[in-house]
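Throughout, read-outs are computed from the coordinates displayed, never taken from laboratory work. The shown structure was predicted, so the numbers you read here are calculated from the model rather than taken from an experiment. Reconstructed Cβ throughout: ideal geometry from the backbone, glycine too, with neighbour counts over all protein chains shown.
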Amino acid sequence: MNKAVDPALLHAAEATGSHPGVKMDAYWMPFTANRQFKKAPRLLARAEGMYYWDDQGRQILDGVAGLWCVNAGHARPRIVQAIQQQAAELDYAPPFQMAHPKAFELAERVVQVAPTGMTKVFFTNSGSEAVETALKMALAYHRVRGEGTRTRLIGRERGYHGVNFGGISVGGMVANRKTFASGLPGIDHIRHTHEPARNAFSVGQPVHGAEIADDLERLVALHDASNIAAVIVEPVAGSTGVLVPPVGYLQRLREICTRHGILLIFDEVITGFGRTGQPFATQTFGVMPDMITCAKGITNGCAPMGAVLVRQEIHDAFMTGPEHLIEFFHGYTYSAHPLACAAGIGTLDTYAEEGLLTRAGEMEGYFAAAVHSLKGEPNVIDIRNIGLVGGIELAPLPGEPTKRAFNVFLDLYEKGLLVRTTGDTVALSPPLIIERGQVDQIVDMLRGAIRRAA
Ligand SMILES: Cc1ncc(COP(=O)(O)O)c(C=O)c1O
């Protein structure tokens, strides 16, 4: 059992006077070691371009695009202006049986950069909601076509699909699941693709492991395809520590899904909007799913928004029945929120003007060489990369998993670099505007912290 929290501890930050005026009791922080944080808070006050500044005025290089979302860098003028103008012009419009022009405009703009054939966009407010929406769409799609027995949903071990019940059920990160009962019924998981024995220190896609996709055949044999609605995977598994798909793996998964009439959903919440060198990882890997979930980079992180991109024929399957009836009983009060739509349009303008949706591809070679130069540093047991994503996996401290990487994170923050850690992997996903010198700076700082954590 957790020990009771000492209230004095919660006031510690205030008591030190280091963050005057910030009362820290009330806010229960998400995915945070609350007690540790409140003893030594890390408060961000301002951001511009590649940098944050904390509440003490200290500059911090952003090595992770906020949380994999600020792809164009911070405080970009077009996005800021778009949000400001929108707030003054139309603050809110109900999205059920009503709409506003920018919802349509943003959907069109998203389709323009989306993989050819993804022609419909359903807006949500987060990646988690995009996942729930896609899973429900998959069930509804089969049902509307008379295949209502297809109810089973398949995820993958080590997958992350947000934190709602559908997402944690198909997800495969144990800490996100173990506390919350059994989740949705009728879920199963294929094997993850992490095989360090064969693939450690692969530059880009690992060579070995296409056949791991055949694990889906095992589940088809077990449950029968007539009961399986969809498979959801991240093309690059991000939150579990950057697992890049082996060459041929996604193609094989696609083939098996097609053969058995199973929908394939790519969760591109992290990979969407330029992270891997193309607008979507779907394009980078040349494998077409039936639906794509996205969020984060759709608004450059400036307003909450997610979306499900859908193939025309999936959408069209719903468009039967009397025209006055709602075709899909699903949506959110803030679906296609005007501020988020304005932010999204400003974001896509910025990406287009600066060629950011393909910039990760241009930077990939330099970035890969830089992160792989950490091979041989103490306790570095694997390095993985694709586009402008890197994962540096450290050997855990004996008996204290996650602590070594977390120490690196704290150390780097002190030195002025923001990274993200998951397990004992340090993840890098800098804004796509990053320059070579800043790549060098990130890797040099990381090298120092890894040595100090030895
Ligand atoms: C692949 C993937 N899916 C879903 C989510 C959940 O997104 P959100 O936190 O916006 O709900 C994330 C978040 O990191 C993600 O990486």
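Taking the Cα centroid of region 384-454 and of region 296-355, what is the distance between the two, rounded to the nearest whole Å?
Region 384-454 and region 296-355 have Cα centres separated by 33 Å.
Based on the Cα gyration tensor of region 69-119, what are the three equivalent ellipsoid semi-axes, each the root of five times an eigenvalue, rounded to whole Å and given largest first?
21, 20, 8
Give me Rg/Rg_expected for region 281-321, where Rg uses Cα atoms only and Rg_expected = 2.2 N^0.38 Å with N residues.
Dividing the Cα Rg of region 281-321 by 2.2 N^0.38 Å gives 1.46.
At a Cα cut-off below 28 Å, give the lysines reachable from LYS375, other chains included and same-chain residues fewer than 8 away excluded.
LYS403, LYS415
With +1 on each Lys and Arg Cβ and -1 on each Asp and Glu Cβ, and nothing else charged, work out how big the dipole of the chain is about its Cα centre, in Debye to the nearest 20.
900 debye
Less than 17 Å apart at the alpha-carbon level, and either on another chain or at least 8 residues along: which lysines does that give for LYS178?
Partners within reach: none.
How would you classify region 245-354 from its alpha-carbon gyration tensor, with a ≥ b ≥ c the square roots of the eigenvalues: rounded for a/c under 1.5, else prolate if a/b is greater than b/c, otherwise oblate?
Verdict is oblate for region 245-354.
Among the lysines, which have Cα under 17 Å from the Cα of LYS38 when same-chain residues fewer than 8 positions away are ignored?
Qualifying lysines at Cα under 17 Å: LYS3, LYS23.
Please sort by residue number the GluC sites (Glu not before Pro) in region 73-122 whose DSSP state is loop and whose Cβ has at most 16 other Cβ atoms within 10 Å.
Sparse-neighbourhood loop GluC sites (Glu not before Pro): none present.
When the helices in the chain are scored as -39500 (n - 2.57) per DSSP H run of 4 or longer and the sum is shared across all residues, what 222 nm value do you end up with, to the nearest 500 deg cm²/dmol?
Rounded to the nearest 500, it is -11000 deg cm²/dmol.
Thinking of region 360-408 as a set of Cα atoms, what percent of all their pairs are more than 18 Å apart?
36 percent
Short version: what are the Cα gyration tensor semi-axes of region 322-419, square root of 5 times each eigenvalue, largest first, in whole Å?
Three semi-axes, in Å: 40, 22, 15.
Counting other Cβ atoms within 10 Å of each Cβ, which GluC sites (Glu not before Pro) in region 275-375 have at most 16 and sit in a DSSP loop?
Loop-located and lightly packed - GLU323, GLU327.
Can you list the GluC sites (Glu not before Pro) in region 367-445 that are in a DSSP coil and have 15 or fewer other beta carbons within 10 angstrom?
Sites meeting the loop and neighbour criteria: GLU435.
Can you compute the radius of gyration and Dmax for region 37-77, using only the Cα atoms, both in Å?
Radius of gyration, then largest Cα-Cα span, for region 37-77: 10.7, 35 Å.
What is the dipole size for region 51-210, taken about its Cα centre, with +1 at each Lys and Arg Cβ and -1 at each Asp and Glu Cβ, in debye to the nearest 20?
620 debye
Can you tell me the equivalent ellipsoid semi-axes for the chain? Use √(5λ) from the Cα gyration tensor, largest first, whole Å.
34, 27, 23
For the residue pair GLU217 and GLU89, what label-to-label distance in nm results when each label sits 7 Å from Cα along the Cα-to-beta-carbon direction?
Spacing of the two 7 Å Cα→Cβ label points: 5.5 nm.
What net charge is computed for the residues neighbouring GLY391, neighbours being all others with C-beta under 9 Å from the C-beta of GLY391, Lys and Arg scored +1, Asp and Glu -1?
-1
Throw me the Rg/Rh for region 398-454, computed over C-alpha atoms with Kirkwood Rh, two decimals.
Computed over Cα atoms, the ratio is 0.99.
Which value does Rg/Rh take for region 113-182 over its C-alpha atoms, Rh per Kirkwood?
My calculation puts Rg/Rh at 1.02.
Give, as a single signed number, the net charge of other residues whose beta carbon lies under 13 Å from the beta carbon of ILE190, with Lys and Arg counted +1 and Asp and Glu -1.
Once positives and negatives cancel, what remains is -1.
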